Amino acid sequence: MSEGPSGGFAEVNGTRLYHEIVGDGEPLVFVHAGIADRRMWDGQIGAFARLYRVIRYDMRGFGRSAMVEGAYAHHEDLRALLDYLGIERAFLVGCSMGGRTTIDFALEHPGRARALVLVGSAVSGLDDGEDPPAQWEELVAADEAGDLERVSELEVQIWVDGPYRGPDRADPGVRDLVREMNLIALQNEASGLGAESSLTPPAVNRLAEIRIPALVIVGDRDQPKTIRAADLLRRNIPHARRVVMPCTAHLPNMESPQEFNRIVLEFLEGLGV
């Protein structure tokens, strides 16, 4: 294992993606959620870098990767980052929007993903038909008023606390870090820069094309639509299996890092590669 992280800014696709690399071995990439940045994986880096070359990065508009003008697709930014690093194939671990990104990448660039770990994953093209969360009207009003700090707190309530517990039941350290990470993303979004392009056709009707092993992880305190999306992934990706992590919501790796690490490392070890 290398002594400390290396990395910096990769100039790709007209932007600069901040990334960090630690460890030796087969490449493994962590892709963060839309309410977070690379720091959501702090509890994973040490455990995984003992066995893998671990890469984590800030998607454009998150963390230290600024949003810029022009059209983009997160899965193509991931492809460009791997090209920049000289990585042909990698294990991919994605959470929420990061899970959607890794799914889209695997569909668009078959053969470049060795396996997927999908954590509370979104799915491009999936219309959940859900009623909005209880905080929705207040969130919209705060957004229209430009109160991004309140928007971030409400999104923490929706995703970190989840629909079944109050703010006093979730880890305050996790809540604080997510609120901080999400505020950066909200500020970048408010700049009006960038125009995200969607995968066409979207992933929702193409999941059977994913022929690599996939581990689907979801917290039992997550939003119902996320739990249903996890069921969809398990049913439609041919080599997928699902694990439900108890007493966690949308970011189970942050709430129960040791258990998350055990589950994922056992899955990767079982692949025999």
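Observations on the model:
Yes/no matrix, rows are residues, columns are (1) part of a loop (DSSP other than H, G, I, E, B); (2) open to solvent by less than 30 Å² (accessible area, probe 1.4 Å); (3) closer than 23 Å to residue 245 by Cα; (4) free of Cβ contacts under 8 Å to residues at least 60 places away in the same chain:
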| residue | (1), (2), (3), (4) |
| --- | --- |
| 55 | no, yes, no, yes |
| 75 | no, yes, no, no |
| 81 | no, yes, no, no |
| 94 | no, yes, yes, no |
| 98 | no, yes, yes, no |
| 122 | yes, no, yes, no |
| 125 | yes, no, no, no |
| 134 | yes, no, no, yes |
| 139 | no, yes, no, yes |
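- Scanning the range 237-273 for residues that are among the small types (Gly, Ala, Ser) and within 19 Å of the chain's Cα centre (by Cα) turns up 240, 249, 256.
- Scanning the range 131-163 for residues that are of a type in the set (A, V, I, L, M) and at pLDDT 95 or above turns up 139, 140, 141, 142, 145, 148, 151, 154, 156, 158, 160.
- Residue within the range 225-235 that is open to solvent by 20 Å² or more (accessible area, probe 1.4 Å), polar (S, T, N, Q) and within 18 Å of the chain's Cα centre (by Cα) present: no
- Residues that are open to solvent by less than 10 Å² (accessible area, probe 1.4 Å), outside any strand (DSSP E or B) and among the aliphatic types (A, V, I, L, M) within the range 23-53 comprise 33, 36, 40, 49, listed in sequence order.
- Qualifying residue in the range 254-267 (condition: modelled with pLDDT of 95 or more, within 28 Å of residue 65 (Cβ to Cβ) and either among the charged types (D, E, K, R) or assigned to a loop (DSSP other than H, G, I, E, B) (or both)): yes
- Sole exception among (1) open to solvent by 10 Å² or more (accessible area, probe 1.4 Å); (2) out of contact with any helix residue (DSSP H, G or I) (no Cβ under 6 Å at 6 or more places or on another chain); (3) more than 16 Å from residue 257 (Cβ to Cβ) for residue 63, by number: (2)
- Among the candidates 31, 12, the residue that is over 24 Å from residue 217 (Cα atoms) and not small (Gly, Ala, Ser) is uniquely 12.
- Hey, residue 59 within 26 Å of residue 250 (Cβ to Cβ) and out of contact with any Ser or Thr (no Cβ under 9 Å at 6 or more places or on another chain) or not: no
- Against the criterion of being over 21 Å from residue 72 (Cα atoms), at pLDDT 95 or above, more than 20 Å from the chain's Cα centre (by Cα) and surrounded by fewer than 17 Cβ atoms within 10 Å (Cβ to Cβ), residue 201 does not qualify.
The values are calculated or read from the model by the stated rules, or taken from the named source; none is laboratory data. All of these numbers come straight from a predicted model, not from anything done at the bench. Virtual Cβ from ideal backbone geometry, glycine too; neighbours counted across all protein chains shown. Protein only, heavy atoms only, side chains kept; ligands, DNA and RNA dropped before computing areas. Shrake-Rupley method; radii C 1.70, N 1.55, O 1.52, S 1.80 Å.
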